[in-house]
Amino acid sequence: MPLGALRPSPLVEQAAQALREEIATGRWPVGTKLPGETTLAAQLGVGRSTVREALRALAGAGLVQPRQGSGVFVMATEAQEDWPARLRRAAIGDVYEVRMLVEVQAARLAATRRTEADITALRAALTTRREIAAGVSEGAEPDARFIDADIALHAAVVAAAHNPVLTDLFAEFVPALRKSLIDLLGLLDVHSHERGHGDAAHAALVEAVAGGDAGAAGAILEQELHETLAHLR
């Protein structure tokens, strides 16, 4: 049964979608070898180069796998979800549990690797967080500004660990964290009860990192994140 000719452009996207649908409906089960490029091109009414690009896109999504000299084989019926998308739909409690593992170790490393520039950045981030908590700064809505300042301080701690993998991993968490924490802050109405919410813990964290006390830095951050996780639950 022919797949049906496609309308003009974007042909690659249309070809990929048509092939994806056929795989999802079971026309080509997992493990099946797809028809050759020439056959697919004829059925779709496009050129072989378009089919080639479409198959490359499906391979990137984990649906198919080309095998040198053998052809292209179906590997899955559903596309693999990328990491940012998975984080966006993850429960904030689950994200926080992993965040604790990443950041606590980062804080310990930061205390042993921090430079004078890192210490300056940490203290500047703490000052900004305090100013926004006190309503000094102006700009976005208070909750968003407070969360941004809080995340910036935590990012400065991670950066002080001087491990690019940790830095990149934390950055992947930021969009999901920001949205969930803004929602949490509004729900708990933190500012109306404690203008300097978490200030003592964050100040202690900065001083532990600055003073090179890895044990204290890790313990302080673990406690602070644990308390927030308790609120989330």
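The values are calculated or read from the model by the stated rules, or taken from the named source; none is laboratory data. Because the structure is predicted, anything quoted here is derived from the model rather than measured. FYI the Cβ positions are ideal-geometry reconstructions off the backbone, even for glycines, and counts take in every protein chain you see. These accessible areas exclude ligands, DNA and RNA; they are computed on the full protein's heavy atoms, side chains included. Shrake-Rupley method; radii C 1.70, N 1.55, O 1.52, S 1.80 Å.
Rolling a 1.4 Å probe across the protein heavy atoms gives region 25-80 an accessible surface of 55 Å² per residue. Each Lys and Arg contributes +1 and each Asp and Glu -1, all at the Cβ; summed about the Cα centre of region 84-129, the dipole is approximately 120 debye. In terms of the mean number of neighbouring beta-carbon atoms within 10 Å, the peptides 222-230, 207-215 order highest first as 207-215, 222-230.
In terms of the mean number of neighbouring beta-carbon atoms within 10 Å, the peptides 28-38, 151-161 order highest first as 151-161, 28-38.
Building the convex hull from the alpha-carbon atoms of region 24-64 and averaging its projection over directions returns 2.9 nm².
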